[in-house]
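Peer 1: I have a structure here, written as structure tokens, and I will follow up with some questions on it.
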Amino acid sequence: MGGFIYIFEINKGKDNEAALRKSDEVLIALLDGNNLEINNIFAKDGSIKSEIRIDTISRINFCRQAIKEVIPNLVKLPEGMEMTEERLKSLTDTYPQYYLHMFEKNRKGN
């Protein structure tokens, strides 16, 4: 759910930090409301467990259109490089892994 909220917040014009904060707030509320423990999604090394990673990627991909819309706000291409349809598709495909990487990075404190 956090991956969806992050996308929608960026699309509403929020900066990265504010969007992440909102997505975290929603995720925490959902976990608390369902008596779930966030630590259960992580392996001992701090990475997201593979079965949860696979399910999360699948679910985030339900929002492909919103992801496609957010990419220009997330990715700043080098000067002279254009956002082609092929590049946009590739970045859209990569977004779920990007979000999970950010989530893991925050968890590990890096």
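Peer 1: Checking CYS63 against (1) modelled with pLDDT under 90; (2) loosely packed, with under 13 Cβ neighbours inside 10 Å: exactly one of these is not met. Which one?
Peer 2: Of everything listed in (1) modelled with pLDDT under 90; (2) loosely packed, with under 13 Cβ neighbours inside 10 Å, CYS63 misses just condition (2).
Peer 1: Something else: So which residues in the range 70-110 are at pLDDT below 90, part of a helix (DSSP H, G or I) and charged (D, E, K, R)?
Peer 2: GLU104, LYS105, ARG107, LYS108
Peer 1: Still on this structure: Of the conditions (1) surrounded by fewer than 14 Cβ atoms within 10 Å (Cβ to Cβ); (2) without any contact (Cβ under 8 Å) to a residue 24 or more places away in the chain; (3) more than 22 Å from LEU91 (Cα to Cα), GLU17 satisfies every one except a single condition; which number is it?
Peer 2: In the conditions (1) surrounded by fewer than 14 Cβ atoms within 10 Å (Cβ to Cβ); (2) without any contact (Cβ under 8 Å) to a residue 24 or more places away in the chain; (3) more than 22 Å from LEU91 (Cα to Cα), GLU17 misses (3) alone.
Peer 1: Tell me, yes or no, whether the range 22-38 has at least one residue that is in contact with a strand residue (DSSP E or B) (Cβ under 8 Å, 6 or more places away or on another chain) and among the aliphatic types (A, V, I, L, M).
Peer 2: No, the range 22-38 contains no residue that is in contact with a strand residue (DSSP E or B) (Cβ under 8 Å, 6 or more places away or on another chain) and among the aliphatic types (A, V, I, L, M).
Peer 1: Also, I was wondering about something else. So which residues in the range 35-69 are acidic (Asp, Glu) and in a helix (DSSP H, G or I), if there are any at all?
Peer 2: The answer is GLU51, ASP55, GLU69.
Peer 1: Any residue that is among the acidic types (Asp, Glu), over 17 Å from MET1 (Cβ atoms), without any contact (Cβ under 8 Å) to a residue 60 or more places away in the chain and surrounded by 11 or more Cβ atoms within 10 Å (Cβ to Cβ) - is there at least one of those in the range 76-93?
Peer 2: Checking the range 76-93: at least one residue is among the acidic types (Asp, Glu), over 17 Å from MET1 (Cβ atoms), without any contact (Cβ under 8 Å) to a residue 60 or more places away in the chain and surrounded by 11 or more Cβ atoms within 10 Å (Cβ to Cβ).
Peer 1: Still on this structure, please answer the following. Of the residues that sit in the range 1-34 and are of a type in the set (Gly, Ala, Ser) and either in a loop (DSSP other than H, G, I, E, B) or at pLDDT 85 or above (or both), which one is nearest to VAL70 (Cα to Cα)?
Peer 2: Restricting to residues being of a type in the set (Gly, Ala, Ser) and either in a loop (DSSP other than H, G, I, E, B) or at pLDDT 85 or above (or both), the top hit is GLY13.
Peer 1: Check off (1) of a type in the set (S, T, N, Q); (2) surrounded by 14 or more Cβ atoms within 10 Å (Cβ to Cβ); (3) over 18 Å from ASN106 (Cα atoms) for SER58 and give me the number that stays unchecked.
Peer 2: (2)
Peer 1: Considering (1) surrounded by 13 or more Cβ atoms within 10 Å (Cβ to Cβ); (2) within 15 Å of PHE4 (Cα to Cα); (3) among the aliphatic types (A, V, I, L, M), say which one LEU31 fails and leave the rest.
Peer 2: (2)
The values are calculated or read from the model by the stated rules, or taken from the named source; none is laboratory data. What you see is a predicted model, and the numbers here were worked out from it, not measured in a lab. Neighbour counts are summed over all protein chains in view; Cβ atoms, including those assigned to glycine, are modelled from backbone coordinates with ideal geometry.
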